[in-house]
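Notes for the one structure printed next.
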Amino acid sequence: MQGVDRRNIRDRFRLLLAVSVLAAAIGAIPAIAQLRGHGGPVRALAISSDGRTLLSGSFDGSAIRWSVDRDAAEQVLRFHADAVNATALLRDGRAVTAGADGRIAIWTQGKQQPDSVLEGHTAPIAALALSPDGAMLASAAWDHTVRLWPLAGGASRVLEGHTQNVNGVAFSPDGKSLVSVSYDLTVRIWPLDSTASPAIVTLPAPLNAVIVSGDGEIATAGADGKIYFLTGAGKPDGEAAAGPIPVIAMAASKDGALLAAADIRGSVAIVDRKARALARRLVGPGLPVWSVAFMPDNGTLLTGGADSMIRRWNANTGEPIGTTIQQNPSDPLAAFSGDRGAEVFKACVACHTLTPDQGNKAGPTLSGIFGRKIATLPGYNFSEPLKKLDIVWTPETVSKLFEIGPAAYTPGTKMPEQLIGSPEDRNALVQFLARATKK
């Protein structure tokens, strides 16, 4: 028996050795394509510098810390009273979450409650940025301000000047300035070592996201689907067309060669930063992509979508990593294929349903919307400012909402800002809603 046992052990060892050699020859076994765990659209993604930890935030009000090595959720973080719009990972391993409730929570791994909560914003926080030295956190919010938070403690510094929602914020590589972008069309470059006024650059469209590369170049994008490039001092330095659809999220590869720009209809443009040119386009299941992040290898991109999943892509080929991505079989708009109004409504499907049996999501169901006064649908918790508005939903008022934007037409809303510049598209949308929401 001893001889048999030794032969078995020897054979098993040889098998393991063979598998190890094969794995080394062909590379690591590909990771699964999707991470599933959120109960709503994935609004934010942050990757640790070593690529082993992912922190996602969702419209469902939670954040999830993932082990990238194991493709598994390590911890669900629940604190915010509304959507988690932004996440960050600190150098010491702590997690940061920021919500539509205007609060920032800082978490130690494994703890069920945040170590500390940063309060001061009076409207949803849209973005976070960590300073190059790891000592300062910046937040951008819909109260028109940017705040700087010393992570060692102390009062925040408030940067005021934007006249509309601030959607993006990023530090310069040397940490001496901070860049913010807003629906007010401006990029503001704030000097942090003085109280001097910021440099202000006005662009042609409302802005949703900003990236500052390692060489100091600024890239920003928004409602017109274009990426605008600026020098660190704010001088215009070219542009690239990501597409005709509003860009709602951006990310840059660690080496600065590639930019990813995600739009509200579900595609992601991969742009060669130096060439100012579209390199390729990633096309998923056709639902809005709310967040993007590059892995440290510069070639793997993660996207967070309205289907509540995190997907992996090869940014160099445009192909999904793992299983083939197919059209969502439960697509609520499948019956309206070819309808122009339904195509426009795809930007809304993440938060709204069309029929009473589908119920409410992040936003109220639109079933029976025409003829209903704003903020009166039973069973949905509307914000107090909306309850004071005297608006009845009609084709005309819905069209006006998207002509001038929710922030201007319905002050106090938590609805993401979406403008529809084309009168034809607005008309197609309201005609679609008249058919699809009729009880």
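Matching the structure-derived Rg and Dmax of the Cα atoms in Å against the labelled list (1) 23.0, 88; (2) 24.7, 87; (3) 21.0, 66 gives the label (1). Taking the 0 to 90 degree range and rounding to the nearest ten, how far is the long axis of helix 2-26 tilted relative to the main principal axis of the chain, both from C-alpha atoms? That works out to roughly 40 degrees. The packing ranking, built from the mean of other Cβ atoms within 10 Å per residue, places the peptides 216-227, 171-182, 234-245 in the order 216-227, 171-182, 234-245, highest first.
For the chain, the relative contact order comes to 9 percent (Cα pairs under 8 Å, sequence separation of at least 6). Loop-located trypsin sites (Lys or Arg not before Pro) in segment 61-138 (DSSP state other than H, G, I, E, B) with a sparse environment of at most 10 neighbouring Cβ atoms within 10 Å: ARG70. Here the calculated FRET efficiency for GLU424 and THR376, from their Cβ-Cβ distance with R0 = 45 Å, stands at 0.90, rounded to the nearest 0.05. Ranked by solvent-accessible area (1.4 Å probe, protein heavy atoms only, all chains present), the residues GLU403, GLU343 order from largest to smallest as GLU403, GLU343. With both labels modelled 7 Å from their Cα along Cα-to-Cβ, the LYS439 to VAL76 distance reads 3.3 nm. Computed over protein heavy atoms with a 1.4 Å probe, the carbon and sulfur contribution to the accessible area of segment 34-314 reaches 49%.
The relative contact order of segment 334-437, computed from alpha carbon pairs under 8 Å that lie at least 6 residues apart in sequence, is 30 percent. Karplus-based coupling profile of segment 367-375, in residue order and whole Hz: 4, x, 5, 6, x, 9, 6, 4, 6, with θ = phi - 60° in 6.51 cos²θ - 1.76 cosθ + 1.60 and x standing for Gly or Pro. Taking the chain as a Gaussian network, where each spring joins two C-alpha atoms under 10 Å apart, which residue of ASN316, ASN85, ASN381 fluctuates the most? Maximum fluctuation in the GNM of the chain, among the listed residues, is at ASN381.
Modelled this way, with points 7 Å down the Cα-to-C-beta line, the labels at ARG281 and LYS387 are 4.5 nm from one another. Based on protein heavy atoms only, segment 105-251 ends up with 39 Å² per residue of surface accessible to a 1.4 Å probe. Taking all protein chains together and rolling a 1.4 Å probe, GLU160 ends up with roughly 140 Å² accessible. Amide H contacts of ALA141: ALA126, VAL166, each under 5 Å away and 5 or more positions distant or on a separate chain (H built 1.01 Å from N in the peptide plane; Pro and chain starts excluded).
Applying the Karplus relation 6.51 cos²θ - 1.76 cosθ + 1.60 with θ = phi - 60° to segment 38-53 yields 3J(HN,Hα) values of 7, x, x, x, 8, 8, 8, 9, 9, 10, 5, 5, 8, x, 9, 10 Hz, where x marks Gly and Pro.
Go ahead and set up a Gaussian network model of the chain, Cα springs under 10 Å, then flag whichever of VAL392, VAL212, VAL96 fluctuates most. Fluctuation is largest for VAL392.
The values are calculated or read from the model by the stated rules, or taken from the named source; none is laboratory data. Keep in mind that this is a model prediction, so the values were computed, not measured. Don't worry about glycine lacking a Cβ; one is built from the backbone with ideal geometry, like all the others, and counts go over all protein chains shown. Each accessible area value is taken on the protein alone, full model and side chains, heavy atoms only, with ligands, DNA and RNA left out. Shrake-Rupley method; radii C 1.70, N 1.55, O 1.52, S 1.80 Å.
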